[in-house]
Amino acid sequence: MKRRIATGIDIGTYQVKIVVTEELIDKRSGARQVHILGTGLAESKGLRHGYIVNTEEVTASILEAKRQAEAAARIPLHTGFLAVGGISLDEARATGFAIISRADQEITVLDLEKAGKAAREAAAPGFLNRHVLHSIPIEYRIDSAKVLGDPLGMKGVRLEVDYLFITCLTQHQEALAKAVEDADIEIVDQMASPLAGSYVLLEGDQKMKGCVLANIGAETVSIVVYDEGIPISVKVFPIGSSHITDDIALGFRISLEEAERVKVGRLSGQMYPRKKIDDLISSRLNTMFMLIDKHLKSLGRRGPLPAGIIISGGGAGAGSISDIAKGSLKLPARLAEFRLSADTKIRDATWAVAYGLALWGLTGDTNAPKKNFSTTVTKFLQQFLP
């Protein structure tokens with residue numbers, strides 16, 4: 001039987017991470033398990049806020065991570081699933097409707113497709129120079145009454161559907177894809193980074209009750225908001241943990257290298273009072289959470305998120321971040337937990353995006369590359385149906 005292997009590729013501002021996974025099936029019980037074959041890690045070069053400013057440097061970083069992953073997995077890497085992040089990620093919302101076509105008023109797949117197409121056409125003016133990564137139905141209504149679950153097979157006269165479209169700049173998406181393909185990796189499909197991370201960092205109960213997953217990267221903070229098991233918002237803010245380093249460098253008038261060591265706790269004492277360090281870190285973190293709070297207010301979701309905020313990313317270890325988030329957002333707050341066995345090659349939640357992509361790859365057919373998102377990700381999107 002042919003091996004089922006999938007590779008996730010996460011190109012961050014500071015690091016490129018590659019995770020290679022294989023699906024194993026127990027011959028007796030039929031139970032499926034995922035085994036991590038290998039990982040690759042390289043310093044990112046040629047990026048700014050997730051944008052590519054030098055394709056050759058980015059490709060070189062990918063090649064280094066690829067070399068490590070191939071050596072660990074002991075197989076050549078030809079295809080992969082790519083995360084798309086950075087400040088070009090954005091969202092759009094639109095509503096589409098369809099008049100039920102059958103005489104008995106039963107809703108069919110054709111009616112769902114018509115409503116979805118109408119929603120996309122309504123949102124189309126905002127897609128200029130943008131590539132649509134995901135089209136997610138958020139809510140269905142039949143004759144103005146909200147539907148709990150899949151409306152297929154139900155009866156009515158008019159079907160309405162609210163859609164969330166997650167987009168990125170076409171230029172950014174094409175540059176990212178070119179850098180990967182120049183490293184001799186064919187892209188099977190692409191996913192927004194916040195969704196990939198949520199695939200492994202959030203429990204089903206958290207998504208159902210309502211929560212926000214915040215990934216604090218080097219130059220950006222990306223969030224995905226869930227409610228009733230559905231991602232209702234994806235947003236990226238142009239601020240990250242490197243801004244904390246900048247604040248410390250300015251506050252103490254020291255080099256960025258020294259400021260980074262102060263930030264992570266390697267330097268302290270009389271020259272660098274702990275209270276001043278904490279104040280500088282807290283001030284910047286408060287700014288980050290104020291941006292998140294403002295966005296949640298715009299969604300009308302600031303209060304009703306019982307599962308609170310879950311914090312991940314390389315900047316998640318800065319200061320008393322959970323307490324600061326709790327105070328700023330008035331929500332429960334905690335660091336993300338990455339539940340993997342102790343012998344795994346992945347050590348912390350900063351690998352969540354690459355690992356999530358690899359797991360996503362195993363839910364679809366990875367034998368042949370597919371450029372059509374809808375065919376590859378059907379199984380993944382089933383969890384988002386209202």
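The values are calculated or read from the model by the stated rules, or taken from the named source; none is laboratory data. Owing to the predicted nature of the structure, the values given are computational and were not obtained by experimental measurement. All Cβ positions, even for glycine, are placed from backbone atoms using ideal geometry, and neighbour counts span all protein chains on display.
Scan the range 70-97 for residues that are closer than 23 Å to residue 198 by Cα and charged (D, E, K, R) and jot them down.
Once the filter is applied, which keeps residues that are closer than 23 Å to residue 198 by Cα and charged (D, E, K, R), the range 70-97 yields 90, 91, 93.
If we keep just the residues of the range 306-335 that are assigned to a loop (DSSP other than H, G, I, E, B) and modelled with pLDDT under 90, which is farthest from residue 285 (Cα to Cα)?
313
Being touching a helix residue (DSSP H, G or I) at 6+ places or on another chain (Cβ under 8 Å), more than 22 Å from residue 138 (Cα to Cα), outside the structural domain of residue 214 (by TED's automatic domain parsing) and free of Cβ contacts under 8 Å to residues at least 60 places away in the same chain, is that true of even one residue in the range 67-82?
yes
Looking at the range 125-148, which of its residues are among the hydrophobic types (A, V, I, L, M, F, W, C), outside any helix (DSSP H, G or I) and touching a residue at least 12 places away in the same chain (Cβ under 8 Å)?
Across the range 125-148, the qualifying residues are 132, 133, 136, 138, 142, 147, 148.
Out of the residues in the range 73-95 that are of a type in the set (Gly, Ala, Ser) and in contact with a Ser or Thr (Cβ under 6 Å, 6 or more places away or on another chain), which is modelled with the lowest pLDDT? Talk me through it step by step, then tell me what you get.
In the first step, residues of the range 73-95 are kept if they are of a type in the set (Gly, Ala, Ser); the result is 73, 80, 83, 85-86, 88, 92, 94.
Restricting the remaining residues to those that are in contact with a Ser or Thr (Cβ under 6 Å, 6 or more places away or on another chain) gives 80, 83, 85.
Values: 80: 96, 83: 95, 85: 90.
The qualifying residue modelled with the lowest pLDDT is 85.
With the checklist (1) closer than 19 Å to residue 350 by Cβ; (2) among the polar types (S, T, N, Q); (3) surrounded by fewer than 16 Cβ atoms within 10 Å (Cβ to Cβ) in hand, flag the one item residue 29 doesn't pass.
Unmet condition: (1).
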